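Each value in this text was obtained by applying a stated rule to the coordinates, not by laboratory testing. In this text, all values refer to a predicted model and were calculated from it rather than measured experimentally. In this analysis, Cβ positions are derived from the backbone assuming ideal geometry, glycine residues included, and neighbour counts consider all displayed protein chains.
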Amino acid sequence: RDLLRRWLDRNVRADGFSTYRRGGVPRGGGVAVPGVDSGGLSPRVLATIMGNRVSMQRYEQLFPYYVKALQLAGCDTIERRAMFNAQVGHESGGLKYQEEIASGAAYEGRTDLGNTQRGDGVRFKGRDFIQITGRHNYTKLSQWAHSIGAVPTPTFFVDNPAALATDPYAFLGVVWYWTIARPRLNALADARDLEGATRAVNGGLNGLADRREYYNRSLAAGADLLDATP
């Protein structure tokens, strides 16, 4: 969390807008990102791990945000990055989906998700690459993102839920989920406990075989997962 605070202090103004103007540049706020040139990790490595589910151009666009998310989530080892890829890869279909395909109507009235107002199911459907869902999670994410200067108000994603599925905030929900909502994920990654991490993310073992494919492709990449330029 200290790394995130220091980085944001250097690159994001107090109102949440970026001061960074090279490489992938957020429009209208969000977390600023570096260019796509890094060490062993590259857009092509990312595309291979994610199963080439979208175009190379799209992986190149997402790559700087992805690298920054790994850094801010404390995913600084092969094991941690492999677990990150396994969970995020499955939940997003290889970074194809920033928003849940379903309408979200099935979440209507789900008080366990904080959906207490009419229309909350659709309004707070799953978004970002790990599918942040429900008014409660959007509220907590907004408060956290505001506390570290990434968004201009503490209710930002509650007031602007669709923004969570846009590139200026790409992976911001993932970092919050990984470090705040499920803070044991890095420890589970260190233990190579794919099932434990899947339960933490999913509540069960849904999609375990698919997650394992992302995980194994990541492990096979070895050192190519590392050495991204800070």
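Can you give the net charge of the other residues whose Cβ lies under 9 Å from the Cβ of L164, counting K and R as +1 and D and E as -1?
Every neighbour counted, the sum reads -1.
Among Q98, G134, N216, whose Cα sits farthest toward the positive end of the charge dipole of segment 98-230 (+1 at Cβ of Lys/Arg, -1 at Cβ of Asp/Glu, about the Cα centre)?
Farthest towards the positive pole: G134.
Can you give the percent of C-alpha pairs in segment 31-170 whose distance is more than 25 Å?
More than 25 Å apart: 30 percent of the Cα pairs in segment 31-170.
Quick check for me: using +1 on Lys/Arg Cβ and -1 on Asp/Glu Cβ, what's the dipole size of segment 38-182 about its Cα centre, in debye to the nearest 20?
It works out to roughly 80 debye.
What is the projected area of the convex hull of the Cα atoms of segment 95-230, averaged over all directions, in nm²?
9.1
Quick one: net charge around Q131, please, counting Lys, Arg +1 and Asp, Glu -1 for every other residue with C-beta under 9 Å from its C-beta.
With Lys, Arg at +1 and Asp, Glu at -1, the net is -2.
Quick one: if you stick a label point 7 Å off each Cα along the C-beta vector at A220 and L205, how many nm between them?
2.3
Net charge within 13 Å of D190 by Cβ-Cβ distance, Lys/Arg positive one each and Asp/Glu negative one each, not counting D190 itself?
Working: positive: R80, R81, R184, R192; negative: D76, E79, D193.
Residues close to D190 contribute a combined charge of +1.
Apply the Karplus curve 6.51 cos²θ - 1.76 cosθ + 1.60, θ = phi - 60°, to the phi angles in segment 149-161 and return the couplings in whole Hz, x for Gly and Pro.
Result, ordered by residue: x, 8, 9, x, 9, x, 10, 3, 7, 6, 7, 10, x Hz.
Hey, can you grab everything whose amide H is under 5 Å from the amide H of I132? Only 5+ residues off in sequence or another chain; H modelled, so Pro and N-termini drop out.
For I132, the qualifying residues are R127.
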